[in-house]
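Step one of this worksheet: look at the structure below.
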Number of protein chains: 2
Amino acid sequence: MALYVQKFGGTSVGSIERIEHVADKVKSFHQQGHQIVVAVSAMSGETNRLIGLANDISEHPTPREMDVLVSTGEQVTIALLSMALQKRGVNARSFTGWQAGIKTNSSYMKARIEDIDTSAMRAQLDAGGVVVVAGFQGLDGDNNITTLGRGGSDTTGVALAAALGADECQIYTDVDGVYTTDPRVVPAARRMEKVTFEEMLEMASLGSKVLQIRSVEFAGKYKVPLRVLSSFKDGNGTLITMEEDNSVENPVISGIAFNRDEAKVTIKGVPDIPGVASKILVPISDANIEVDMIIQNVSADGTTDFTFTVHRNDYQNALEILRSTANELDAREVTGTDDICKVSMVGVGMRSHAGVASKMFKTLADENINILAITTSEIKISVVIAEKYLELAVRALHSVFGLDAEEETA
Amino acid sequence: MALYVQKFGGTSVGSIERIEHVADKVKSFHQQGHQIVVAVSAMSGETNRLIGLANDISEHPTPREMDVLVSTGEQVTIALLSMALQKRGVNARSFTGWQAGIKTNSSYMKARIEDIDTSAMRAQLDAGGVVVVAGFQGLDGDNNITTLGRGGSDTTGVALAAALGADECQIYTDVDGVYTTDPRVVPAARRMEKVTFEEMLEMASLGSKVLQIRSVEFAGKYKVPLRVLSSFKDGNGTLITMEEDNSVENPVISGIAFNRDEAKVTIKGVPDIPGVASKILVPISDANIEVDMIIQNVSADGTTDFTFTVHRNDYQNALEILRSTANELDAREVTGTDDICKVSMVGVGMRSHAGVASKMFKTLADENINILAITTSEIKISVVIAEKYLELAVRALHSVFGLDAEEETA
């Protein structure tokens, strides 16, 4: 007998039929003798409907009242799912965020969970019942309703699992697991049975949008095993775990992420002296532009070229700021392009394997793909290339690093 | 400077435009220096939408989860109204039932308010702010969300006014006050400036559906002056008060109520001995049929005729039960009709004026209207007549008792 926290997102509870389906799933786990805590989102579309009402009234609705408003979405779902479970003879009970004892700070619309008083949920579990909790919400120290920010139901699930010491936090989504890369780009992409938190973090931030990055961080910090599964298909999904798989079979590379939303800007011929990097980047961050990769190479003539990538939406803005900086620094030239993309290979196995980078670069060179920039971390190598080569690069790397699914035999 | 509790029903907050209009109204009171507590219902249609979702899942959703579900309706309204007030520069703050400190018993879907801890609302009022409370809901002793039953927002308004010692509880509706009778039947019907609680109770129970009867009882018990006003038109509405108006101008009759939903059944020739009335009525109440008027006259030959009225929906059922009782009691005959209506004249002035009844009966006789049954109370005389005479009777009485509005001079 295990204790599972099961989180169902808005699509999974998006209609009465789907809520009934979730109730079937929960009931079958409960009947196997497991203790079940369910965390749910608002029915898909509901949060947007509520935000629309607020925006009809005010361009700048106050965050406190926004949280009072949108938190009703999950409250509707917990009531409906509890009814569906009760209809099936399951002892179920709904808990709003505050009824579940979820205490947060007072940062409306992006609150952080500070503590969970599990006593009310424990009483229901001890009575053999299923606990149905409204995700995404909590209560601050002054009895104000707070929300964790959009998609925060994942975080609720993980936090509940941590507080209750659950055996697993299962995140049900509309995909059946985490893939080695996007199957729309590489048809041979494979579902991973397991992935480490570190790998997942690198992939999440790179655009594998299966899970909210905060919930993965949270799960890693509290050592809560996380499993991503499909609400609609049966299957084991992908287990996200702290354990590195040390078996011989352990692949060097776990997955390949990519991101098309990048643009690259370069300021050329700046004096290669201390403080130059900050002189370039401070005006950028003052303009609320987030910088992703930063590359600086020493140059021979006492000046250097400084390159960084930003979100494509910030490209024009970043270029303008950089031109003004170039004037001040007496730099030679500002250039840039938004026809680029970033491709990243991720894998904890990379740590102990030299040669991943050179194999990657050789693969790209064999395809005549020019590398525009490179950064590396412990478990990741990212390159910037022209966007038109994205599919070619990802497919080639996926194949060369042995990630392709074996073809099914007829 | 006064403290007003203002209650706005579902129609008054039924759209964004109407919520904006309510915000204008509240702001103007607040700007006059008054302390304002607003109690609101769910936007019209919303409660039914939520109940529909529940019924899609289950024919018998559990009352606890129904309350979790439908209480979201008012929570949406408080957030939106608070935003609309804030947009107008008014310091407003929303309170769910539990945030407002409204404690109820545990009778889900029909809970009764037991206590209100006003400290959180007081803090907001003391800070010069407007309090916006979700009507219709509260919290029981075990932290469960409860609702007061449909239309219970009136009760919330009155209970808040009582707990806060408000100067007036203002109930905003889609009518501009309480009328001497239904203007659709008597075009000359007049809005009353004032009416006593007792009169209002007699009229409410007779079908003047302006206010929930429970909220009127409650207001009378806690001596909270109640005012019914229109959300859409300006005007003073009608004040419901404990004070009887002792001025010479005080009319004997305040209003005329009527009810078409009645049916009359009679059991004839039952032995005129103690215990017969209960032998007749116990099977009726066992069948959950509510009895309205009861009339029994002594008869000369040792038997009597026993008549009572029931809701028209219960007519056939009551007849059948009565036939079975007639067999047991060896009664002579059972008769009945559902082509009747009840007309009631209400007024505290009646107490000190003999002759109201005879004037009423003479008026009806002058119109050749036969009276089928009569009951009286301290401040009310009701007659049962054939339904076809309803309009004729009400118009004649309204005119004879001086209730007609004076014609406006051109």
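We did not get these values from a lab; they are worked out from the coordinates using the rules stated. Quantities reported herein were computed from a predicted structural model and do not represent experimental measurements. Counting neighbours? That spans all protein chains shown, and the Cβs are built from the backbone with ideal geometry, glycine included.
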Inset, instruction - Specify the angular offset, from 0 to 90 degrees and rounded to the nearest 10, of the alpha carbon long axis of helix B:390-400 from the longest principal axis of the alpha carbons in chain B. - result: 80
Inset, instruction - Please give the net charge around residue A:138, taking every other residue with its beta carbon less than 13 angstrom from that of residue A:138, where Lys and Arg add +1 and Asp and Glu add -1. - result: -4
Inset, instruction - Work out the P(r) tail for the protein assembly as shown: percent of alpha carbon pairs separated by more than 42 Å, whole number. - result: 51
Inset, instruction - Of the DSSP beta bridges with both residues in chain A, give the percent that are antiparallel, rounding to the nearest 5. - result: 60
Inset, instruction - Using a Förster distance of 56 angstrom, determine the FRET efficiency expected from the C-beta separation of residue B:388 and residue A:317, and round it to 0.05. - result: 0.10
Legend entry - Local electrostatic count, residue A:22, Cβ distance below 12 Å [Lys/Arg +1, Asp/Glu -1]: +2
Legend entry - Residues A:47, A:363, B:309, sorted so that the one with the fewest Cβ neighbours within 10 Å comes first: A:363, A:47, B:309
Legend entry - Nm distances between copies for residue B:352, ranked from closest, using label points 7 Å along Cα→Cβ: 10.3
Inset, instruction - Estimate the FRET efficiency between residue A:353 and residue A:193 by the formula 1/(1 + (r/R0)^6), using the beta-carbon distance for r and 22 Å for R0, to the nearest 0.05. - result: 0.60
Inset, instruction - Provide the percentage of antiparallel DSSP beta bridges, counting only those with both residues in region A:78-228; round to the nearest 5. - result: 45
Inset, instruction - For chain A, with a Gaussian network of springs between Cα atoms less than 10 Å apart, report the residue from A:135, A:302, A:349 with the top mean-square fluctuation. - result: A:302
Inset, instruction - Compute the FRET efficiency between residue A:286 and residue B:91 as 1/(1 + (r/R0)^6), taking r as their Cβ-Cβ distance and R0 = 35 Å, and round to the nearest 0.05. - result: 0.60
Inset, instruction - Would you give the gap between the C-alpha center of region A:1-66 and the C-alpha center of region B:81-98, rounded to a whole Å? - result: 27
Legend entry - Closest approach to the B/A rotation axis among chain B Cβ atoms, residue and whole-Å value: B:72, 2
Legend entry - Shortest-first distances to equivalent copies, position residue B:193, nm, label 7 Å out along Cβ: 8.8
Legend entry - Whole-Å semi-axes of region B:3-174's equivalent ellipsoid (Cα gyration tensor): 26, 18, 12
Legend entry - Size of region B:280-410 as Cα extents on the principal axes (Å, biggest first): 65, 32, 27
Inset, instruction - Per DSSP H run of at least 4 residues, take -39500 (n - 2.57); add these up for chain A, divide by its residues and hand me the 222 nm value, nearest 500 deg cm²/dmol. - result: -10500 deg cm²/dmol
Legend entry - Share, in percent, of DSSP beta bridges within the protein assembly as shown that are antiparallel, nearest 5: 60
Inset, instruction - Could you pull out the pairs from B:268/B:342; B:25/B:194; B:27/B:221; B:25/B:380 whose alpha carbons sit more than 26 Å apart here? - result: B:27/B:221; B:25/B:380
Inset, instruction - Using a Gaussian network model of chain A whose springs link C-alpha atoms within less than 10 Å, name the residue from A:201, A:81, A:50 with the highest mean-square fluctuation. - result: A:50
Legend entry - Cβ-vector label at 7 Å, residue B:290, separations to other copies in nm: 6.0
